[in-house]
1. Out of everything in segment 50-71 that is hydrophobic (A, V, I, L, M, F, W, C), assigned to a helix (DSSP H, G or I) and out of contact with any strand residue (DSSP E or B) (no Cβ under 7 Å at 6 or more places or on another chain), what residue ends up being surrounded by the most Cβ atoms within 10 Å (Cβ to Cβ)?
2. Which of the residues spanning segment 350-394 are out of contact with any helix residue (DSSP H, G or I) (no Cβ under 7 Å at 6 or more places or on another chain), open to solvent by 60 Å² or more (accessible area, probe 1.4 Å) and within 14 Å of ILE150 (Cα to Cα)?
3. So which residues in segment 251-270 are open to solvent by 20 Å² or more (accessible area, probe 1.4 Å) and over 17 Å from TYR177 (Cβ atoms)?
4. Please tell me if SER226 is open to solvent by 10 Å² or more (accessible area, probe 1.4 Å), over 26 Å from ASP410 (Cβ atoms), modelled with pLDDT of 95 or more and in a loop (DSSP other than H, G, I, E, B).
5. As an exercise: evaluate GLN330 against (1) assigned to a helix (DSSP H, G or I); (2) under 18 Å from the mean Cα position of the chain (by Cα); (3) not aliphatic (A, V, I, L, M) and give the number of the one condition it does not meet.
6. Would you confirm whether or not segment 395-412 contains a residue that is modelled with pLDDT of 95 or more, in contact with an Asp or Glu (Cβ under 7 Å, 6 or more places away or on another chain), closer than 23 Å to VAL263 by Cα and not acidic (Asp, Glu)?
7. In segment 154-202, which residues are open to solvent by 10 Å² or more (accessible area, probe 1.4 Å) and among the hydroxyl-bearing types (Ser, Thr, Tyr)?
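The values are calculated or read from the model by the stated rules, or taken from the named source; none is laboratory data. Nothing here was measured: the structure is a model prediction, and the numbers come from that model. Glycine also receives a Cβ, built like all others from the backbone with ideal geometry; neighbour counts cover every protein chain displayed. SASA here: full protein model, heavy atoms, side chains in, ligands and nucleic acids out. Shrake-Rupley method; radii C 1.70, N 1.55, O 1.52, S 1.80 Å.
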Amino acid sequence: MRRPLSNPFAFPRWAVWSAAAVVAGLLVVAALGRSRPPDPIRIGVLHSLTGTMAVSEAPLVDAVQLAVDEINAEGGVLGRPLAMVVADGRSDERVFAAEAERLIVDEKVSALFACWTSACRKAVKPVVERHRHLMFYPVQYEGLEQSPNILYAGAAPNQQIVPGVRWAMEQFGPRIYLVGSDYIFPLIANLIIRDLSAANGGEIVGERYVPLGTQDFAEVAADIQSKKPDVVLNTLNGDSNAGFFAALEKAGLADAPLVSFSVAEVEIGAWGGARLTHHYGIWNYFQSLPGEANRVFVANFKSRFGADRVTSDPMEAAHIAVHLWAQAAQEGGSPDPDRVNSATLLRQTLSGPSGTVAVDPSTRHLWKMVRVGRVRPDGQFEQVAAAGAPLRPAPWPLYRVREDWQLLVDRLSAGGAP
């Protein structure tokens, strides 16, 4: 009996099983591909975690972290989460420059959120510019700078130094004593103050500069005591303020009018600035400000980092800088520094804890409110004066031409006399 012919179009059973296995494998691979999370966008955070500036700068890292948490909770940027790469500048401008280079070249970060002192900013600036990268700078400063690769989120001189000096002279009198750290910010700031004093019938009765980290201020306090100024204007940075405040108190000057330009809530608490009963700060933000946006910001920060923690102006600026960058990257469709650093970034605005802030495209600084606060016994500020509306930034004061300002900066940077 003849066996029936096999179907020439039928697959052998082993082939069917093999095909099924291949299909199943492809489905597993596809499923795994779909479940794999997208690669994070890396951002560099470069601040002093050690050294004389650590008390001021380390909290800015936390402020950036809070913004990253908020953005990630909303789905990230372009569907990708943000990841921080944190580096310690160690309160040393040379370390800041080297770490900026490493973060850009080796860590491939998409943006830098960096620096407090102007010395460190000026050390990082050529690194950022050479790589056509993008940095966000969160602290008030002396102005006289505008880089195509930096977004200045802190106050320009007309948003802090200039109105602060005018308020102090009107409030306390024309006889001014200047004390500051010996580097570019206090030197330029006090040059502007001397100009304002001269233009308004004031007198500089004393002027002292000390290296960053100095703690012995007995001689400075004695000089202030002997010259009896109407007001002391303080441009010290870092933990030198601890020694200065202690020396004033020891010399019986705890109730002398003092206006500090680089001392906010964090520093007041750390260095005892509330022991001075007529102590004032000029900032764009205070933790004590009313409003829902600030209430949420403060509550979220305390929930994330501790109920005893405080917020400050530089922290708020660091926080909103991350949100401004994220908005620009989302709108521009890419986290690439060149793509973000375009008209997209320069048209950003947002409503933050200090109110509405907007990027001024002609200067790359932010429109900001000016506020004067008196230090309370609890280390917070009680606002005693404020501008009626956000001020347009003017990083180059208009009473000199820009070329003359640049010559002054170059001379001071080379170690010349102020």
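1. Per the criteria, the residue is ALA63.
2. SER362
3. Across segment 251-270, the qualifying residues are VAL266, GLY269, ALA270.
4. no
5. With respect to (1) assigned to a helix (DSSP H, G or I); (2) under 18 Å from the mean Cα position of the chain (by Cα); (3) not aliphatic (A, V, I, L, M), GLN330 is out only on (2).
6. yes
7. Residue satisfying the conditions is TYR183 alone.
Results for (1) over 19 Å from VAL61 (Cβ atoms); (2) open to solvent by less than 20 Å² (accessible area, probe 1.4 Å), shown as yes or no for each residue.
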residue: ALA87; (1), (2): no, yes
residue: ARG94; (1), (2): yes, no
residue: ALA114; (1), (2): no, yes
residue: ARG130; (1), (2): yes, no
residue: MET135; (1), (2): no, yes
residue: PRO138; (1), (2): no, yes
residue: SER147; (1), (2): yes, yes
